[in-house]
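Q: Would you mind keeping the following structure in view while I ask a few things?
Since every read-out is calculated from the coordinates, none of them should be taken as a lab result. Here the structure is a predicted model, which is why all the values come from computation and not from measurement. Cβ placement follows ideal geometry from the backbone for every residue including glycine, while neighbour counts extend to all protein chains displayed.
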Amino acid sequence: MAFILLLAALLLALFLHLLTKKHRRSTYTLPPGDLGIPVVGQTFSLLNSLRSNTDDQWFRTRINKYGPVSKMSVLGSPTVLLAGPAANRFIFTNNSLALTQTRALRALLGRSILTLNGDELKQVRSAVQEYLRPEMVRRYVGKMDEEVRRQIKLNWVGRDTVTVFPMARRLTLGVICSIVFGQEAAAMVEAHADDFQMLGDAILSFPVNIPFTRFGKGMKASAKIRKSITRIAQKREGSLLEEGRAASSTDFFTYMLILGSQGAHSLTLEDIVDNAMGIIIGAHGTTSALITFMIRHLANEPDVLDKITQEQDEIAYNKGTEDVLTWEDVSRMKYTWKAAMETLRTVPPVFGSFRTATKDIEYQGYHIPKGWKVFAAQSITHLDSKFFNEPTKFDPSRFEKRSSIPPYSFLPFGGGSRMCPGTEFSRVETLVVMHYLVTQFRWRLCFKDETYTKDPKPTPVFGLPVELELRRPPATADA
Ligand code: HEM
């Protein structure tokens, strides 16, 4: 009898719970829009628009139809598309929205800054930020300069044509590896350039580990890279134990191990390896896209190229031919950086940001249920004439007065607590590369109207081949 009463009480409690839950749901105002065909939703339509570089029209059509807050379904999840600076602020600063990463990325990169959330992320993020902070980047300028010159000599000098995109990828991989690995960098790039490419390509793939699929190849590449990096990390740990602290060291492993010994974090060697992979993946595909599209813009914008050339020639004039660029030189490249920002505005390397609601939340009168995804695309504000006059025009001068650009409308590096920690690194790297290209070469696009796809990073369809001409080097102080 007691058992029957208990069961009845439990059933009543369950019934009441479901009833109130249903009632709570029925008072929800979900955003307008449709979720499309179950599971598939708008996934293929959005991916196709990215591939054909018509994603901006795709977003604007939805915004015109449903307004700045609308629901759709992408990659199997109900997703709220948000548009405008206020929406960007909401996405980047709301504590109930967690960064969403694909299952593929989590499998490929393990427990890295790119994949963790919440408390687990805090110490990883602060350690990585410490390594990439502007004062540290100052110490990397000489090494960046050395690697950029080496690669330009190897892959650009003496050629009539260069296919920019793969060269830029190789260059940025070389630069980040020269900082992260120190003396082992060249061997790592030599052994694993293709593996890094496969790893990067697998990030948005379907995560079923079958050989010869994108994901299968990515997993194999990830295991190979991890094995080599672990060997380097163990070697650094051994030398630290033998020789004590090398306070001036800038390689990632020594730096992280020293930080750990000072109690700044409790990351294991395995965590440090995963984070080295995370930084390399975060760094090189993005910066190479910026460099590639800057080269493309400059081929079509002679006036901008002339101004950059003047700025760079002045810097070159005060140096001997063998002198490396310094932090002070880079600080003087102000106009060149404006042109780089204009490139980031018109062709952002990261097309948007996904977050997941960790609890039911509300935005502008609409409910976003727990577990739903939230998405904002950078192009929505970057290419909106409300924030940027004549938005399709390439005009670096719009960055002369940064205060005229409304907050949260220009976000190539994201914002809030997950903002890109490599902003300064990529700025300095891009400026060093542009210095040597602009002072030494002139280029013409082989296909003037070459289009690009987003895969999801912007990728020129033919890789951006250019005809190259050696420019008379500018006079220098020691000439
Ligand atoms: C032009 C170059 C770059 C662009 C446009 C870029 C853009 C971004 C964006 C938009 C995010 C945030 C994504 C989100 O919130 O959804 C991000 C995160 C990140 N970036 Fe960059 N990035 C660049 C270069 C770099 C470099 C050079 C490094 C490392 C040296 C780097 C390392 C990272 C890392 C580790 C994260 C993850 C941070 C976190 O989740 O807490 N990035 N980047």
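Q: Please give the contour-minus-distance gain from Ser239 to Asn209: 0.36 nm per residue of separation, less the Cα-Cα distance, rounded to one decimal in nm.
A: Details: separation 30, 0.36 × 30 = 10.80 nm, distance 3.68 nm.
Separation in residues times 0.36 nm, less the Cα-Cα distance, equals 7.1 nm.
Q: Sequence neighbours fewer than 8 away in the same chain don't count; with that in mind, list the aspartates and glutamates whose C-alpha is under 16 Å from Lys65.
A: Those aspartates and glutamates meeting the cut-off are Asp34, Asp55, Asp56.
Q: Where does the charge balance sit around Gly278 when Lys and Arg score +1, Asp and Glu -1, over other residues with C-beta under 14 Å from its C-beta?
A: My count for the surroundings of Gly278 gives +1.
Q: On to the next question. Given a Förster distance of 35 Å, report the FRET efficiency between Asn48 and Tyr28 from their Cβ-Cβ distance, rounded to the nearest 0.05.
A: Plugging the Cβ-Cβ distance into 1/(1 + (r/R0)^6) gives 0.65.
Q: Additional query: Normalised by the residues of region 313-435, what does the relative contact order come to in percent, with Cα pairs under 8 Å and at least six apart?
A: 28
Q: Using only helices, what value at 222 nm comes out for the chain when you add -39,500 (n - 2.57) per DSSP H run of length 4 or more and divide by the total residues, to the nearest 500 deg cm²/dmol?
A: Here the helix-only value at 222 nm equals -18000 deg cm²/dmol.
Q: How would Tyr317, Tyr335, Tyr408 line up from fewest to most surrounding beta-carbon atoms within 10 angstrom?
A: Tyr317, Tyr335, Tyr408
Q: Residues with amide H under 5 Å of Thr453's amide H, sequence separation 5 or more or different chain, H placed in the peptide plane at 1.01 Å from N; which?
A: Sorted by chain and number, the residues that satisfy this are Thr459, Val461.
Q: For the Cα atoms of the chain, what angle does the longest principal axis make with the long axis of helix 164-181, in degrees from 0 to 90, nearest 10?
A: Long axis of 164-181 versus the principal axis of the chain: about 80 degrees.
Q: Once both labels are modelled 7 Å past Cα along the beta-carbon direction, what's the Lys224-Ile258 spacing in nm?
A: A separation of 3.3 nm, rounded to one decimal place.
Q: Report the paramagnetic label zone for Ala86: residues of region 35-72 whose backbone N is under 11 Å from a point 7 Å from Cα along the Cα-to-Cβ axis.
A: The answer is 68-69, whose backbone nitrogens lie closer than 11 Å to the label point.
Q: Once fully extended, how much extra length lies between Asn95 and Ile37, figured as 0.36 nm per residue of separation less the alpha-carbon to alpha-carbon distance? Walk me through the numbers before you get to the answer.
A: Working: separation 58, 0.36 × 58 = 20.88 nm, distance 3.10 nm.
Working it through step by step, the gained length comes to 17.8 nm.
Q: GluC sites (Glu not before Pro) within region 246-336: which are DSSP loop residues with at most 11 other Cβ atoms inside 10 Å? Walk me through the numbers on the way to the answer.
A: On the way: sites: Glu270, Glu311, Glu314, Glu322, Glu328; in loops: Glu322.
Taking region 246-336 and a limit of 11 other Cβ atoms within 10 Å, the loop GluC sites (Glu not before Pro) found are Glu322.
Q: Moving on. Hey, with R₀ at 51 Å, roughly what FRET efficiency would Cys446 and Gln129 work out to, going by the Cβ-Cβ distance, to 0.05?
A: Working: r = 41 Å, r/R0 = 0.80.
Given R0 = 51 Å and the Cβ-Cβ separation, E is 0.80.
Q: In which sequence would Leu114, Leu204, Leu75 go, from the one with the fewest C-beta neighbours within 10 Å to the one with the most?
A: Leu204, Leu75, Leu114
Q: Hey, could you get me the Stokes-Einstein D for the chain, Kirkwood radius over alpha-carbon pairs, 37 °C and 0.692 mPa s, rounded to whole µm² s⁻¹?
A: For these conditions, the coefficient is 134 µm²/s.
Q: Amide H of Asp360 versus every other amide H placed in the peptide plane: which residues, excluding those fewer than 5 positions away on the same chain, fall under 5 Å?
A: Lys370
Q: Additional query: Report the full-extension gain for the segment Asp455 to Lys359: residue separation times 0.36 nm, less the Cα-Cα distance, to one decimal in nm.
A: In short, 31.5 nm is gained.
Q: Straight distance only, please: which lysines reach the Cα of Lys143 with their own Cα at less than 18 Å, same-chain residues fewer than 8 apart left out?
A: Lys153, Lys319
Q: Which distance in Å, rounded to a whole number, links the C-alpha centroids of region 265-288 and region 169-194?
A: Taking the Cα centre of each part, region 265-288 and region 169-194 sit 13 Å apart.
Q: Can you sort Trp327, Trp337 by how many other beta carbons sit within 10 Å, fewest first?
A: Fewest to most other Cβ atoms nearby, the residues stand as Trp327, Trp337.
Q: Go ahead and collect, in residue order, the members of region 205-246 whose backbone nitrogen is under 15 Å from a label point 7 Å along the Cα-Cβ direction of Ala191.
A: 221-236
Q: From the phi angles alone, apply the Karplus equation (6.51, -1.76, 1.60; θ = phi - 60°) to region 94-103 and give each ³J(HN,Hα) in whole Hz, x where the residue is Gly or Pro.
A: 7, 5, 8, 10, 9, 4, 9, 10, 5, 4
Q: For the chain, find the longest principal axis of its Cα atoms and tell me its angle to the long axis of helix 55-66, 0 to 90°, nearest 10.
A: 30
Q: How far is helix 334-346 tilted off the main Cα axis of the chain, in degrees rounded to 10, range 0 to 90?
A: 40
Q: Something else: Over the chain, what is the relative contact order in whole percent, taking alpha-carbon pairs under 8 Å and six or more residues apart?
A: Over the chain, the number comes to 23 percent.
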